[in-house]
Structure formats: C-alpha cells, structure tokens
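Read through the structure below, which is laid out as structure tokens, and then see the notes.
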Amino acid sequence: MKRQSIFIGILVALAHYLEAQGVCEEPSSIAQAIWREGLQTPIGNRLGLPTTHVVIHHSNDPNLVLDDYTPLVRNIYVYHTQNNGWDDIGYNYLIDPNGLIYKGRDPQGNASQDEVEGAHMCNKNENTMGVCMIGTFINVLPTRAALKALYTLVGWKIRKDDISVLGNTPHAIGPTSANLPPMPLANICGHKDGCQSGYTECPGDLFHSTFDELRDSVSLYSSKCGVSFVETQELDQFKLFSLGGQTQVIPPKTYHEIKIYNLRGQLLLNQNFGDEVSTQGLPSHELLLVILKGGDKELFRFKFINP
Ligand SMILES: [Zn+2]
C-alpha cells in the first residue's frame, strides 16, 4: 500500500523529530465528560500522590471485537460506583482493544490524571497508577493496538516520574487490616502482585507471564518519548492522507469528521469524511493535531507532521 507506506514514513519522521526535540507528552485520551456523558457525576474528595508503582489490570470483560468500547467503560463505572459503592471508577486509565485510552477516575481538579488516588489494588492504592486493559487475558493477550497504547502511556509515565522500569519499591500488600511491613513490589506490576496470594487472578495469567517483555517494550517506548503510534492496520483502515494534493478518504463508519489544528490551536481543516480532503495549502513541516469524531464524541486523536 503506497499510501500506507507514506504514512508510516511520516510516523517514523515524527518519532525522529520528537527524539530530536526531546518532546515527551502524555498520550491523548478520552475525557470523562465524553465517555461518562449522561451518567451520575462521581462523588468524593480527590487526593493526588506521587507514583511509585504502575499497576496493570484486565477488566474481566469478554474479549469482544467492537468499533466502540465506550459502553464497556460506562459499565465499569456504573459497577464500581453503584455495585461496589466506590466514589468513582477505580482506575486512573483504561485502554480498549482498539488502542484508545480513556481517562478513568476523575481528579476533579485536585490532582493530575496519573496521580489521583484510585481504588484498584486490594485497599492499598497509595502511590499507584492503575491502568485497566479492557478484556480478559487469562488465555489470550491484549491486542497489539492495546499493548502499544499501554507501552506509550506507561513509557510516558516512567519518564515523567523517573520510575525505574525494572526496579522494585517497597509497598503495602493488601487486603489486610494488619499493619504488615511493606514488601518489595515491581514498579511495573500486575494487580495480583500487590495483593496477598490467591486474592485475584487479574491481569490474567497469560498476560502476566509476558510482563518482562512488557517492561522492555515500555522502556523502548519511553526512550522514544511518548509518541502515540497508530497501528499500521488501522492506518490502512483509516486511509487518511497522501502526500499533498487530493486524497480520497474512506473512513470506517464510526468516524465522520476530521479536524486538523496546528500547535497554537488554530483550526486548519474541518471536513466530513467521505469528501475529498485536500491537504494542499496546509503548512508543511509542522506538527499537527488530528481529531477524528463520530457523533459528538471524540474517538481518536494523534499527531503527525504534514509532509
Ligand atoms: Zn485488577
């Protein structure tokens, strides 16, 4: 696919550009106001704490193939708040099989998204950032798109907070009311690692067995510094742009609008999918933010350099 290879080339160029610039930003994610729309507002005061551990979960949902996983995220929110009686969804972030990242527990302006204290590790949530991979990973692994999003998110986080990817830090092991001394816990760990033996099988045995590779991949992504890569298969599916000139865009049904902004937030292009989209006249060699919308929802965003 010529167009695909061109686009991959753009992403490679972007990676080099970001490495050269030392840019490292939090990957884009879907805001609570979008996925939580129409549901009850969470309650409670929020506390922000520095992170020592990134704790990875699975949601224990069936491994469905969907265009939009927002209903599952909403279900988790409803389950945590109404069934479990928690103040809010437990995790800091969630990642769906399409590789989209959702902001989880609402910091309510009192903390950053990655540092707001959640409810996800057997009552010992202090200093943890919880990331939930949507699905069940006892016998299968998360999709490649989901794993890349995870590497990008955690890669950004460990760089930002200077967390040693292969290190251990003492942490309380739950759930217990006994005042046991903290135990060494891998800085990037699974839910069950932070709990007493047999308490949970989260994040699933097969997925958990790959955590050494996961740490290597996080380290690699961290070194490339926070680029939200798009899966090549998805690139093919999106059929976004070619180099200059007229390009026919054939989007998946769920996306119907595209907006392109420059770094100063100026809207450069706002067009419906299915139309002929021209990138001619857009500033060259500039980092642009692209937002794909379906309905009123922002479904996906990424950055690239317009050739
Ligand atoms: Zn879990």
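The values are calculated or read from the model by the stated rules, or taken from the named source; none is laboratory data. Computed from a predicted structure; not experimentally measured. When we count neighbours, we look across all protein chains shown, and the Cβ atoms used for this are built from the backbone with ideal geometry, even at glycine.
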Original post:
Quick one: in region 153-178, which of the residues that are assigned to a strand (DSSP E or B) and within 16 Å of the ligand (Cβ to nearest atom) is modelled with the highest pLDDT?
Top reply: 171
Original post:
Going through region 24-45 one residue at a time, which ones are polar (S, T, N, Q) and within 25 Å of residue 218 (Cα to Cα)?
Top reply: 28, 29
**OP:** Identify the residue in region 205-220 that is modelled with pLDDT of 90 or more and of a type in the set (A, V, I, L, M, F, W, C) and, among all such residues, is surrounded by the most Cβ atoms within 10 Å (Cβ to Cβ).
**Re:** 207
Subject >> In region 51-63, the residues that are more than 19 Å from residue 122 (Cα to Cα) and in contact with a helix residue (DSSP H, G or I) (Cβ under 8 Å, 6 or more places away or on another chain) >> reply: 61
Original post:
If you go through region 57-69 one residue at a time, do you hit one that is within 15 Å of the ligand (Cβ to nearest atom), touching a Leu at 6+ places or on another chain (Cβ under 8 Å) and farther than 13 Å from residue 29 by Cβ?
Top reply: yes
**OP:** Only residues that are within 14 Å of the ligand (Cβ to nearest atom) and assigned to a helix (DSSP H, G or I): list them for region 179-210, please.
**Re:** 191, 192, 193, 194, 205, 207, 208
Original post:
Among the listed residues 131, 140, which satisfies the condition of being over 15 Å from the mean Cα position of the chain (by Cα) and either among the β-branched types (Val, Ile, Thr) or assigned to a loop (DSSP other than H, G, I, E, B) (or both)?
Top reply: 140
**OP:** Quick one: which residue in 136, 128 is polar (S, T, N, Q) and buried (at least 21 other Cβ atoms within 10 Å of the Cβ)?
**Re:** 128
Subject >> Residue in region 70-85 that is nearest to the ligand (Cβ to nearest atom), counting only those that are out of contact with any helix residue (DSSP H, G or I) (no Cβ under 9 Å at 6 or more places or on another chain) and in contact (Cβ under 8 Å) with a residue 40 or more places away in the chain >> reply: 76
